[in-house]
1. When you look at Val353, is it out of contact with any Leu (no Cβ under 7 Å at 6 or more places or on another chain), at pLDDT below 90 and either among the hydrophobic types (A, V, I, L, M, F, W, C) or over 30 Å from Met264 (Cβ atoms) (or both), yes or no?
2. Looking only at the range 387-406, filter to residues that are out of contact with any helix residue (DSSP H, G or I) (no Cβ under 6 Å at 6 or more places or on another chain) and among the polar types (S, T, N, Q); which one of those is least open to solvent (accessible area, probe 1.4 Å)?
3. List, please: which pairs have Cβ atoms under 8 Å, are six or more places apart or on different chains, and start with a residue in the range 114-130 that is more than 13 Å from Pro43 (Cβ to Cβ) and of a type in the set (Asp, Glu) and end with one that is open to solvent by 30 Å² or more (accessible area, probe 1.4 Å) and part of a loop (DSSP other than H, G, I, E, B)?
4. Which residue out of Leu135, Leu115, Leu187, Leu144 is more than 30 Å from Val451 (Cβ to Cβ) and under 19 Å from the mean Cα position of the chain (by Cα)?
5. Is there a residue in the range 367-386 that is under 24 Å from the mean Cα position of the chain (by Cα), of a type in the set (Asp, Glu) and surrounded by fewer than 21 Cβ atoms within 10 Å (Cβ to Cβ)?
6. So, in the range 280-298, of the ones that are touching a Ser or Thr at 6+ places or on another chain (Cβ under 7 Å) and either touching a residue at least 40 places away in the same chain (Cβ under 8 Å) or among the acidic types (Asp, Glu) (or both), which residue ends up farthest from Lys200 (Cα to Cα)?
7. As an exercise: evaluate Pro7 against (1) surrounded by fewer than 19 Cβ atoms within 10 Å (Cβ to Cβ); (2) touching a Lys or Arg at 6+ places or on another chain (Cβ under 7 Å) and give the number of the one condition it does not meet.
8. Within the range 346-365, does at least one residue satisfy the condition of being crowded, with 17+ Cβ neighbours inside 10 Å, touching a helix residue (DSSP H, G or I) at 6+ places or on another chain (Cβ under 6 Å), in a loop (DSSP other than H, G, I, E, B) and among the β-branched types (Val, Ile, Thr)?
Amino acid sequence: MSPKVVPPCQAACPIHTDVRGYVSAIEKGDVETAIRINRQVNPLPAICGRICTRPCEDVCRRGQVDEPIAIASLKRFAADHTKGLKIIQRHENTYDEKVAVIGGGPAGLSAAYELSLLGYKVTIFEAQDKLGGMLVEGIPEFRLPKDIVEEEIDLILSLGIAVKTGLSLGRDFTIEGLLKDFQSVLLALGSQKSLLPKCKGVETSGVITAVEFLKQICRGERPRLGKHVVIIGGGHTAIDTSRTCIRMGVRDVTIIYRRTINEMPLCRAELEEAEKEGVKVRYLAAPTQFLCDEKRNIEKVCCIEMQLAELDESGRRRPIPVEHSEFEVNADTVISAIGYIPEEELLKKNRIVISDKGRVAVNETGATNIKGVFACGDVVSGPSNLTGAIASGKRAAKAVHCYFRSLSEESETYYASGILNENLVKLINKQNRQKMPTLPVEKRTNSFEEVELGFNWEQAREEAQRCLKCGTSELVKKLRSHYHSAKENI
């Protein structure tokens, strides 16, 4: 398949959403077309519009002029203003093969969505009593309301996908057993086993994991945290945990992160909102020991300062300790948000081969060592983000289809158009990016109400018209009289 040259935003998106297309539709007031463009590749646009990591915005060429387009916020606008609209149609089953998807998180939902659209009979097996995975168990409502998740899932299930909840792999069924009734099994289990820092005192009851803490909150529980909470980690989960602690009444919340702000794997806007709410971040630091009193209650976290050395396997500079730089931080509770891994023993019991990183080993198509069994999502890649999970689920669905139909799998290659010429940049009028309306800080910290309120029509259209429409002739026509070679740079 020939490579496609597309705008940088579309190339950077893991699912290659036609950003230019839906932003242009919003500018014209055609929100229905905007959401149809999104749902062609994305089964969860209302969710993505809220929690996407926005790699598209990082490469937006408008950023060379002033600020990137608010791409995610416009996606949310399109989704929020088309609620109840039947965008996708239920297809009659084209094929006889049945597929079992184990896991109802974003990767599993995306795979089921794609397989159903392709014409297969799909059943999702989920261990919990509802679908959504970390979307409902691990992301607090002030960032992602539960009713938004439920609406997105209901739309996916309207394709005729069957669901069996409360059934767990290893306890209620096996992969071998499923293969007697299904022609293919797709593992989308995620990574549920949380990691803890390798520190003395980590076994104390005052040290908990962020995933379990957030699950408790999502279940309506309110654990006692004390006056001082220290969170270890620097990703989305750490930020969500810190902001949740603020809403639990904790006024001294400190994140300990071993690298700098530039290496934090999250959207910078989320960090800024956390800091507005009172969260403190200590960069270039790592825990070494947790100190407890005589009753085994945690009192302090012993830390050491870090410095960045050469690049590690993640592509980031490796943090190493600075000698004689120890310091202490008061703590009544320590929450670990340093990552999570799959349940390795469970997979091994089902004869699934595990890689040396503790994940499901797959070939280039996503196939495991067992014929007809594929895998996608965090159980293959390790901790990922939402669009990464969606992309993985879509690839796995395509692989299953090629397996059934004996097709060779062809992947599309996307190349981004280059940066704007500096002379052209100077000719483009600067225009401020629209600010996302939010709840006042004094109101948000006492509730779990959604913080970001969404654009109104005027804001959405104002923001959409900032788009340079890369790859089209509109900007070229506008500036041709000023710059004769503009066309070559668009």
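The values are calculated or read from the model by the stated rules, or taken from the named source; none is laboratory data. Since this is a predicted model, take the numbers as computed values, not measurements. Every residue, glycine as well, gets a Cβ built from its backbone with ideal geometry; the counts of neighbours run over all protein chains shown. Surface accessibility is based on the protein's heavy atoms, side chains included, excluding ligands, DNA and RNA. Shrake-Rupley method; radii C 1.70, N 1.55, O 1.52, S 1.80 Å.
1. Numbers: out of contact with any Leu (no Cβ under 7 Å at 6 or more places or on another chain): yes; at pLDDT below 90: no; either among the hydrophobic types (A, V, I, L, M, F, W, C) or over 30 Å from Met264 (Cβ atoms) (or both): yes.
When the stated conditions are applied, Val353 does not pass them.
2. Initial filter on the range 387-406 (out of contact with any helix residue (DSSP H, G or I) (no Cβ under 6 Å at 6 or more places or on another chain)): 387-388, 391, 395, 398-400, 402-406.
Adding the requirement that they be among the polar types (S, T, N, Q) leaves 387, 406.
Values: Thr387: 8, Ser406: 106 Å².
Among them, the one singled out is Thr387.
3. Short answer, once both residue conditions are applied: Glu126/Gly166; Glu126/Leu167; Asp129/Gly166.
4. Numbers: Leu135 fails: more than 30 Å from Val451 (Cβ to Cβ); Leu115 fails: under 19 Å from the mean Cα position of the chain (by Cα); Leu144 fails: more than 30 Å from Val451 (Cβ to Cβ).
Selected residue: Leu187, the only one of Leu135, Leu115, Leu187, Leu144 that is more than 30 Å from Val451 (Cβ to Cβ) and under 19 Å from the mean Cα position of the chain (by Cα).
5. no
6. Within the range 280-298, the first condition is being touching a Ser or Thr at 6+ places or on another chain (Cβ under 7 Å), and the residues that meet it are 280, 282-284, 290, 292, 296, 298.
Next cut, either touching a residue at least 40 places away in the same chain (Cβ under 8 Å) or among the acidic types (Asp, Glu) (or both) only: 282, 290, 292, 296, 298.
Details: Arg282: 21, Phe290: 6, Cys292: 11, Arg296: 13, Ile298: 12 Å.
Within the range 280-298, the match that is farthest from Lys200 (Cα to Cα) is Arg282.
7. (1)
8. yes
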